[in-house]
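Engineer: Before I ask anything, let me first share the structure, which is written out below as structure tokens.
The values are calculated or read from the model by the stated rules, or taken from the named source; none is laboratory data. As the structure is a prediction and not an experimental result, all values here were calculated from the model. Cβ atoms come from the backbone with ideal geometry, glycine included; neighbour counts cover every protein chain shown.
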Amino acid sequence: VCGIRGKTLILNLPGSPKGAAECFLLVCPSIPHAVDLLRENKGQVQKTHSTLLAEGVKQPHHSGHHHTEQSSSHTSHSHKHQGSHDSPRTPSSSSLSSSAEKDHAHSHHHKHGHHGHSHSHGHVYKQSTHSKVDAGQVASRPRESPYPMVTVDEAVAIVMEKTPILDTETVNLKDALGRYLAGPVHAAEPLPPFPASIKDGYAVRAEDGAGTRVVLGDSSAGDVPTEPVRSGVCVRINTGAPVPPGADAVVQVEDTALVESSADGRTEIRVDIKQMPTVGQDIRAVGSDIARGQEVLRPGQRLGPSELGLLATVGVTNVQCYSLPKVAVMSTGNELLEPSAPLAEGKIRDCNRTTLLALLAEYGTPTVDLGIAKDSPDALLQKLRAALDLADVVITTGGVSMGDKDYLKQVLEVDLKATICFARVFMKPGKPTTFATLEYHGRRKLIFGLPGNPVSAIVTSNLYVVPAIHKMAGCPTPERTVIKVQIDRELRLDPRPEYMRAVLQWPSSSSSGQSSDSPTAHHPTAPVAVPTGNQISSRLLSMRAASVLLKLPPKTADMTVVEKGTLVDAVVIGRF
């Protein structure tokens, strides 16, 4: 059952895990288009319509399956299932069970009408779920990578060049935290909209000078004073309250004295103004905080708590923001188990998905957990197609090096016709990092093939994936922040540029008196970087509490170490 309520798409799937997963896989290719329609993303809707009309109605391809034609109001499927496993579900991500994804062969054709349009989506399922990659050619596989080596700076530049900025959508104030504005926001009214008192005290006429005043009444925040202040009188006033007509100054209560009150002490009758007031004293003029028509937020501004407060102040409850990219995450490897599984011989628990999904959640990025793919071209192709149907960005870990089970690049090129932009980076860790792009149903998709070692995966995610999702979401400065830090010890250099994990410590105010061998002796104000121990790429402990990646240069004949106290660049990846 499928329906909508407001701008929410509602899917009611069968109760069994197997049936739910099967049905979800069938409808998921249409979800992005449905969401575009609900969000009124007219540009993307028109682009999708144009693509569908240009491609026309394509008959599904049947390979080795008997199929009886039915009317367009029916759907025909051929399924083959082998095995299943549980996939973790987290509040920050959606999850697909692999029981309905393994070894599927779908034939599907349907039509639907929406707002007067009729679409054929049969082409979505026409692709074979069997890879064209020959997994048996072990002996003849390449012994050297055919992909040229690029530097980290070159890799980042390529990712930035290929990454699109997503379309815009209307976002309610309550849901806009962390989003990037697509256009300016102007104030329709001035702030304050009336002359407002800065202090608790008395509204007076400045020309009356010091002396005794008759207390006419009071003005509190939210009141609308009507009686004007005449010569010789004053009005008691609270902070933020409107200054009554006739008054042009406010005298704080500390500069007054009570002269006369009512018998019960509840009412002030006369007060003494002890100091000479000046015109405009302790009054916020109309528009002194925000002028009418003033730009309060600029395009590309990230909406944090203060920016949301500004929107509320000027009465703007819906804003145009760039859409958030959806990111699908999957791990590859026959050796991988779910985190909840007991260890078996030759197996390890998959930590990469947990780490990467959490990293993305820190930035408010919607995610899809695609589970674990076995080391086979068919399994990879099936998972990748599911990911491409659901997400703007696909992250895989493992299967990108030179092993006989590393099929990712072949599946991307041979089966999906993706463009591999780079597949080797001159860095440590993360040398086999792969980045590819694919035009898929009129949308640019990004695929990051990250190394399987946990540290390599998280380091390369911080360097390449995070800037990409920031750019897609409209951030005008998506690259990671780089600062100068000093190292607390001598560090041996590697033949490759190394991104060493470290924790920052800040020198105390007394560091200027330290001895010459102190790391802060030469740079007393620079933070000190303390490496996190053994830096082998399989040791996730080296990421614990790490706040920066030290950018160490490659070893040369003239330089084999970096001396203690040396200033080096550091990529900020965490909180200090």
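Engineer: So, in segment 361-385, of the ones that are among the charged types (D, E, K, R) and under 17 Å from Pro451 (Cα atoms), which residue ends up surrounded by the most Cβ atoms within 10 Å (Cβ to Cβ)?
Structural biologist: The selected residue is Asp375.
Engineer: Which residue out of Val229, Val235 is surrounded by 14 or more Cβ atoms within 10 Å (Cβ to Cβ), in the same structural domain as Asp272 (by TED's automatic domain parsing), in contact with a strand residue (DSSP E or B) (Cβ under 7 Å, 6 or more places away or on another chain) and part of a strand (DSSP E or B)?
Structural biologist: That would be Val235, the only listed residue that is surrounded by 14 or more Cβ atoms within 10 Å (Cβ to Cβ), in the same structural domain as Asp272 (by TED's automatic domain parsing), in contact with a strand residue (DSSP E or B) (Cβ under 7 Å, 6 or more places away or on another chain) and part of a strand (DSSP E or B).
Engineer: Before we move on, is Gly399 assigned to a loop (DSSP other than H, G, I, E, B), in the same structural domain as Ile31 (by TED's automatic domain parsing), surrounded by 20 or more Cβ atoms within 10 Å (Cβ to Cβ) and not aromatic (Phe, Trp, Tyr)?
Structural biologist: yes
Engineer: When you check Ser197 against the structure, is it of a type outside the set (Asp, Glu), crowded, with 17+ Cβ neighbours inside 10 Å and modelled with pLDDT under 95, yes or no?
Structural biologist: No; evaluated as a whole, the condition is false for this residue.
Engineer: Sticking with this structure for a sec: Condition test on Ala241, is it among the hydrophobic types (A, V, I, L, M, F, W, C) and more than 20 Å from Arg270 (Cα to Cα)?
Structural biologist: Considered against the rule, which asks whether it is among the hydrophobic types (A, V, I, L, M, F, W, C) and more than 20 Å from Arg270 (Cα to Cα), Ala241 comes out as yes.
Engineer: Out of all the residues in segment 146-162, is one or more under 30 Å from Met402 (Cβ atoms), under 33 Å from the mean Cα position of the chain (by Cα), surrounded by 13 or more Cβ atoms within 10 Å (Cβ to Cβ) and modelled with pLDDT under 95?
Structural biologist: Yes: one or more hits.
Engineer: Can you list residue pairs whose Cβ atoms sit under 8 Å apart, with the first residue in segment 11-38 being at negative phi and in a helix (DSSP H, G or I) and the second being at pLDDT below 80 and aromatic (Phe, Trp, Tyr)? Count only pairs 6 or more apart in sequence or on different chains.
Structural biologist: Once the first residue is at negative phi and in a helix (DSSP H, G or I) and sits in segment 11-38, its partners that are at pLDDT below 80 and aromatic (Phe, Trp, Tyr) give Pro29/Tyr125.
Engineer: Now a separate question. So if I check each of Ala312, Ala358, which one is of a type in the set (A, V, I, L, M, F, W, C), loosely packed, with under 15 Cβ neighbours inside 10 Å and under 30 Å from Val393 (Cα atoms)?
Structural biologist: None of the other options fit; the residue is Ala358.
Engineer: Exactly one condition in (1) more than 19 Å from the chain's Cα centre (by Cα); (2) under 21 Å from Ala418 (Cβ atoms) is not met by Asp350; state its number.
Structural biologist: (2)
Engineer: Tell me whether segment 437-444 contains one or more residues that are closer than 19 Å to Lys409 by Cβ and either crowded, with 23+ Cβ neighbours inside 10 Å or hydroxyl-bearing (Ser, Thr, Tyr) (or both).
Structural biologist: Yes: one or more hits.
Engineer: Does Val411 satisfy being under 26 Å from Gly442 (Cα atoms) and either part of a strand (DSSP E or B) or of a type in the set (S, T, N, Q) (or both)?
Structural biologist: Judged against the criteria, Val411 is not a match.
Engineer: Taking into account only those residues within segment 336-347 that are surrounded by fewer than 16 Cβ atoms within 10 Å (Cβ to Cβ) and either assigned by TED's automatic domain parsing to the domain that holds Gly178 or without any contact (Cβ under 8 Å) to a residue 40 or more places away in the chain (or both), which is nearest to the chain's Cα centre (by Cα)?
Structural biologist: Within segment 336-347, the match that is nearest to the chain's Cα centre (by Cα) is Ala341.
Engineer: For Pro467, state whether it is assigned to a helix (DSSP H, G or I) and at pLDDT 95 or above.
Structural biologist: When the stated conditions are applied, Pro467 passes them.
Engineer: Here is a further query. Checking Glu207 against (1) outside any strand (DSSP E or B); (2) within 48 Å of the chain's Cα centre (by Cα); (3) on the phi < 0 side of the Ramachandran plot, only one condition comes out false. Which one?
Structural biologist: Single failed check for Glu207: (2).
Engineer: Can you list residue pairs whose Cβ atoms sit under 8 Å apart, with the first residue in segment 380-392 being more than 25 Å from Ala473 (Cβ to Cβ) and the second being surrounded by 22 or more Cβ atoms within 10 Å (Cβ to Cβ) and of a type in the set (Asp, Glu)? Count only pairs 6 or more apart in sequence or on different chains.
Structural biologist: Sorted first by the residue in segment 380-392, then by its partner, the pairs are Leu381/Asp415; Gln382/Glu101.
Engineer: Also: Keeping to segment 391-410, report how many residues are at pLDDT below 95 and not hydroxyl-bearing (Ser, Thr, Tyr).
Structural biologist: Total satisfying the criteria: 11.
Engineer: Is there a residue in segment 172-185 that is modelled with pLDDT of 95 or more, acidic (Asp, Glu) and surrounded by 15 or more Cβ atoms within 10 Å (Cβ to Cβ)?
Structural biologist: no
Engineer: Next question. Give the number of residues within segment 1-45 that are over 25 Å from Thr168 (Cα atoms) and out of contact with any Ser or Thr (no Cβ under 9 Å at 6 or more places or on another chain).
Structural biologist: 10
Engineer: Might you check whether a residue that is at pLDDT 95 or above, assigned to a strand (DSSP E or B) and of a type outside the set (Phe, Trp, Tyr) occurs anywhere in segment 356-366?
Structural biologist: No, there is no match, as no residue in segment 356-366 is at pLDDT 95 or above, assigned to a strand (DSSP E or B) and of a type outside the set (Phe, Trp, Tyr).
Engineer: Right, here's the next one. Taking the conditions exactly as written (over 21 Å from Gly371 (Cβ atoms), β-branched (Val, Ile, Thr) and in contact with a strand residue (DSSP E or B) (Cβ under 7 Å, 6 or more places away or on another chain)), does Thr433 satisfy them or not?
Structural biologist: yes
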